[in-house]
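Single-structure report; data block below.
Read the figures in this text as sums done on the coordinates, not as results from a lab. All of these numbers come straight from a predicted model, not from anything done at the bench. Glycine also receives a Cβ, built like all others from the backbone with ideal geometry; neighbour counts cover every protein chain displayed.
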Amino acid sequence: MAVLREEIDSIIEAEGWTKASMQKMRKLDSFLRESSRLNSITLSASSQFRLYPIRTILLRTALSTASLNRYALHDYTFQDGTFIPKGMFVTASLYSLHMDDNNYNNAESFDPWRFVEKRESGEEGESVKHQFTNTSAEYLAFGFGKHAWYVYHRKTYSIPAVLVLTLTVD
């Protein structure tokens, strides 16, 4: 925590509390992204569960390790021929993506600076790609694409700000 506190204090002292200064807190950003990768927020479509109250508890339990929970409103066939019938629940497993060594070196261990290193790799686009507030096919803590979690779009600076306050108040 001392490393985070040092980064936060130096940036706030130099620039004050601004959105731009929050974006410069790369270690804080990496810490939050890595924490959410290992301990993802699970999302559920609670309005969809009201359609099937008898199965609500079972469905919530079964879907608790997934983030992208979707209910098919109509039949859908993917380009590869995979067919999803109307009424089926479809999920994407966070665990299999976030704990895959093909996506993250030593995936099951907590590395708070994992994304600082990736952002500073020098490769074009890597700096933005590995921010806490960005989603990707390998990082689904907030969902992905146009269906990413609504609160994620509204509260991207609230979580870091709360952690900053927690770390800087004596």
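Starting at the first residue of the range 6-18, write each ³J(HN,Hα) from the Karplus equation 6.51 cos²θ - 1.76 cosθ + 1.60 with θ = phi - 60°, in whole Hz, x for Gly and Pro.
5, 4, 4, 4, 5, 6, 5, 5, 7, 10, x, 8, 9
If each residue of separation counts as 0.36 nm, what is the full-extension length gain between Lys19 and Met88 once their alpha-carbon separation is subtracted?
On the way: separation 69, 0.36 × 69 = 24.84 nm, distance 4.14 nm.
Gain on extension, Lys19 to Met88, equals 20.7 nm.
As an exercise, use a Förster radius of 25 Å and the Cβ-Cβ distance of Val3 and Glu123 to find the FRET efficiency, rounded to the nearest 0.05. Present the calculation step by step, with values, prior to reporting the outcome.
Values: r = 24 Å, r/R0 = 0.97.
The value I calculate is 0.55.
Around Ala92, what is the net charge, scoring Lys/Arg as +1 and Asp/Glu as -1 over all other residues with Cβ under 14 Å from its Cβ?
-1
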